[in-house]
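Asks: Below you'll find the structure I mean.
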Amino acid sequence: MKKLQSISANAHRRVADAKRRGLLANMSKTFVKCTDCDNRAEQYDHRSYAKPLEVEPVCNGCNKKRGPAIEIRALGTNHVR
Ligand SMILES: [Zn+2]
């Protein structure tokens, strides 16, 4: 799934870029609360890679519970590779 890989890589690049520009909090430097619980958020969760900057901060546990972005789910798998 080369195309999906590049879509997800692009979405992650956009998030990294937004962090650099201060549009999204850098959670390795700042405490950001998980959207779903009170733990420290560790990553930005994409619900759809078609909206690369529509992300929510979540901890690893909640990110797993949420499952993959819809583009990956549509393939019936949990992983891009
Ligand atoms: Zn959480």
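Asks: Residues in region 53-63 that are touching a residue at least 24 places away in the same chain (Cβ under 8 Å) and in a helix (DSSP H, G or I): how many? Explain how you work it out, then say what you get.
Replies: If we filter region 53-63 for residues that are touching a residue at least 24 places away in the same chain (Cβ under 8 Å), which is where we start, we get 53, 55, 57-59, 61-62.
From what's left, in a helix (DSSP H, G or I): 61-62.
Number satisfying all stated conditions: 2.
Asks: Let me ask something additional. Of the residues R66, R21, which is touching a residue at least 12 places away in the same chain (Cβ under 8 Å) and of a type in the set (D, E, K, R)?
Replies: After ruling out the rest, the residue left standing is R66.
Asks: Turning to a different aspect of this structure: In region 26-62, which residue that is polar (S, T, N, Q) and more than 16 Å from the ligand (Cβ to nearest atom) is farthest from I72 (Cα to Cα)?
Replies: Here the residue is T30.
Asks: Turning to a different aspect of this structure: Do you know which residues across region 24-41 are touching a residue at least 12 places away in the same chain (Cβ under 8 Å) and touching a helix residue (DSSP H, G or I) at 6+ places or on another chain (Cβ under 9 Å)?
Replies: L24, A25, M27, C34, T35, D36, C37, N39, A41
So that you can scan it fast, the table gives a plain yes or no per residue for (1) basic (K, R); (2) surrounded by 13 or more Cβ atoms within 10 Å (Cβ to Cβ):
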position	(1), (2)
T30	no, no
N39	no, yes
E42	no, yes
R47	yes, yes
L53	no, yes
G76	no, no
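Asks: Condition first: closer than 18 Å to A11 by Cα and among the β-branched types (V, I, T). Now tell me which residues in region 34-77 satisfy that.
Replies: Within region 34-77, V55, V58, I70, I72 meet the criteria.
Where a number appears in this text, it was derived from the coordinates with a stated rule and is not lab data. The structure presented is a predicted model; accordingly, all values stated were derived computationally and were not measured. Glycine gets a Cβ as well: all are built from the backbone with ideal geometry, and neighbour counts include every protein chain shown.
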